[in-house]
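Read the structure below first, then the notes.
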Amino acid sequence: MAIRHHLIRVGPGAVWDVLADGHRYAEWVVGTAESHPVRGQWPRTGAAIRYEIRLGPLRLDNETVVRHCEEGSRLELEAHAGVLGTARIAIELRPWGEHCLVIVDEHPLRGAGGRLHNVGFEALIQLRHRTMLARLAKLCEAEARTPGSGRRRPLGQVTVGSEADGAGHA
């Protein structure tokens, strides 16, 4: 299991605001691009976002589903990675003084990722998490320095193909 933590110099509420905006997933998750909600009310249980993974000229569409949500403190996701299978990603936010300790726990659930999981694969996940948590910290801390800059969209039912699905948003 790949577990990593990072202290972000804002309160848990500010971190949650970024996590709770499905349009922003690609801004902090390494390897993803162009995320947008496709069903449900992100980050409520059962909601899903779709995103693109770019590997050179190759473009893969994938989906992440919320499996468990404790608003403001815990988000558990199942990321679908095509032929590689799925992974469980649990993100926990803990108050740490006036800051937020973010703990990420990821492991493969199904498919080739689970069968190929080894120490080398674990090291790659750790590197990915280090970058992902640094991106999340940078976003949250930058928004805290610029009052009113938060981009959180209101929760609402997303209809695929509507303007609310995030088309045109990065």
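The values are calculated or read from the model by the stated rules, or taken from the named source; none is laboratory data. Remember, predicted model here, so these are calculated numbers, not experimental data. Note that each Cβ is placed from the backbone with ideal geometry, even for glycine, and that neighbours are counted across all protein chains shown.
Annotations for the structure displayed:
- Looking across the stretch 2-16, just one residue is under 11 Å from Leu139 (Cα atoms), touching an Asp or Glu at 6+ places or on another chain (Cβ under 8 Å) and in a helix (DSSP H, G or I), and that is Ala14.
- Filtered residues of the stretch 48-70 (kept if within 16 Å of Ala87 (Cα to Cα) and aliphatic (A, V, I, L, M)): Ala48, Ile49, Ile53, Val65, Val66
- Out of Glu98, Glu92, Glu71, sole residue that is under 22 Å from Gly13 (Cβ atoms) and without any contact (Cβ under 8 Å) to a residue 24 or more places away in the chain: Glu92
- Arg88 being surrounded by 15 or more Cβ atoms within 10 Å (Cβ to Cβ), at negative phi and assigned to a strand (DSSP E or B): yes
- Extreme residue, surrounded by the fewest Cβ atoms within 10 Å (Cβ to Cβ), among residues of the stretch 32-63 that are closer than 18 Å to Met132 by Cα and of a type in the set (A, V, I, L, M): Leu55
Yes/no matrix, rows are residues, columns are (1) among the charged types (D, E, K, R); (2) at pLDDT 95 or above; (3) part of a strand (DSSP E or B); (4) closer than 30 Å to Val10 by Cβ:
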site	(1), (2), (3), (4)
Leu60	no, no, yes, no
Val65	no, yes, yes, yes
Glu76	yes, yes, yes, yes
Val83	no, no, no, no
Ser149	no, no, no, yes
Gly156	no, no, no, yes
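- Scope the stretch 30-41; condition outside any strand (DSSP E or B) and modelled with pLDDT of 90 or more; matching residues: Gly40, Gln41
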